[in-house]
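Notes for the one structure printed next.
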Amino acid sequence: MSPALAKARLGGPLTAWCLADDNRTDSGKEAAMTRISWQRLAALAGLAFVVLYVSAFALGIEVGDRDREILDYYANSGHRAKEIVAFFLIAGAALALIVFATALRSLIARAEQQTAMLAALAWAGGIACAVLVLAGNAVSRATAFTALDNKFRLDPNTRRLFEDTGFLLFVSGALAAIVLVVAVSLAVLRYGVLPRWLGWAGFPTAALLTLAIVFVGFLVFALWVLTVSAALALGRSMPARSP
């Protein structure tokens, strides 16, 4: 027999009730700490995504459209090195997005409890977006990596094909992010896992993500991730939904 149970039997009903109450208090504190940990993780991961992604585009990679401009660009070792740096920055951003989506899923699932449908949708949208970004990043930087080989002879049209394919993969990632944004917005409005205004702001954000084909989508998505991260970092942990 455990010491706690023996003590409860010796002390009678009052002692047993006190022990049970202490256990509930400890469980509540542990759950609150877990929610705070997930909030901090999501906030840090979201910030990392934005910083890494913006840093990659801040490198100012511009190849040019003409055949000679393309050939001269990839003949320059400095330009190739810049593309490789951008590859790792965007890959790191995609991995941070996976952590961000996973942490959000845990926060939403604690509020939803049994159904966890919105949590699953948010996670699926985030993972799909990250995978497509990783694929688009690899395809877009393939020319720079291959050009490191002195035996490689670049055809400008091959580079155009890889660049357009990578771009379309990025666009697909932005479209997949719509599922993440809408699911989080619905969870905010229904369960209060974030400030309510952020839930309403998610719907125009999702609508603007459809403009990813003209580069607007990912800029809007990065701003949304940054705003959600700030709300998680500055706000208090939301209570879990009562069963």
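When Ala176, Ala187, Ala233 are screened for being in contact (Cβ under 8 Å) with a residue 24 or more places away in the chain, crowded, with 17+ Cβ neighbours inside 10 Å and either at positive phi or out of contact with any Cys (no Cβ under 8 Å at 6 or more places or on another chain) (or both), only Ala187 passes.
In the set (1) surrounded by fewer than 21 Cβ atoms within 10 Å (Cβ to Cβ); (2) within 25 Å of Phe215 (Cβ to Cβ); (3) not aromatic (Phe, Trp, Tyr), Arg196 fails one condition alone, (2). Checking each residue in the range 62-94 for being out of contact with any Phe, Trp or Tyr (no Cβ under 9 Å at 6 or more places or on another chain) and under 18 Å from Val133 (Cα atoms) picks out Val85, Phe88, Ala91.
Taking each residue of the range 51-75 that is loosely packed, with under 15 Cβ neighbours inside 10 Å and looking for partners that are among the small types (Gly, Ala, Ser) with beta-carbon atoms closer than 9 Å, six or more apart or interchain, yields Val54/Ala93; Val54/Ala222; Leu59/Ala86; Asp72/Gly64; Ala75/Ala147. Here the range 207-231 is the region considered, the condition is being over 17 Å from Leu97 (Cα atoms) and part of a helix (DSSP H, G or I), and the residue that is modelled with the lowest pLDDT is Val214. The set of residues in the range 112-154 that are among the acidic types (Asp, Glu) and under 27 Å from Leu186 (Cα atoms) contains only Glu112.
As for the range 178-196, it holds no residue that is among the charged types (D, E, K, R), part of a helix (DSSP H, G or I) and closer than 25 Å to Val139 by Cα. Yes or no: Ser27 assigned to a helix (DSSP H, G or I), at pLDDT below 80 and not basic (Lys, Arg)? Considered against the rule, which asks whether it is assigned to a helix (DSSP H, G or I), at pLDDT below 80 and not basic (Lys, Arg), Ser27 comes out as yes.
The values are calculated or read from the model by the stated rules, or taken from the named source; none is laboratory data. The structure displayed is predicted, hence computed values, not measured ones. Using ideal geometry, Cβ is built from the backbone for each residue, glycine included, and neighbour counts are taken over all protein chains shown.
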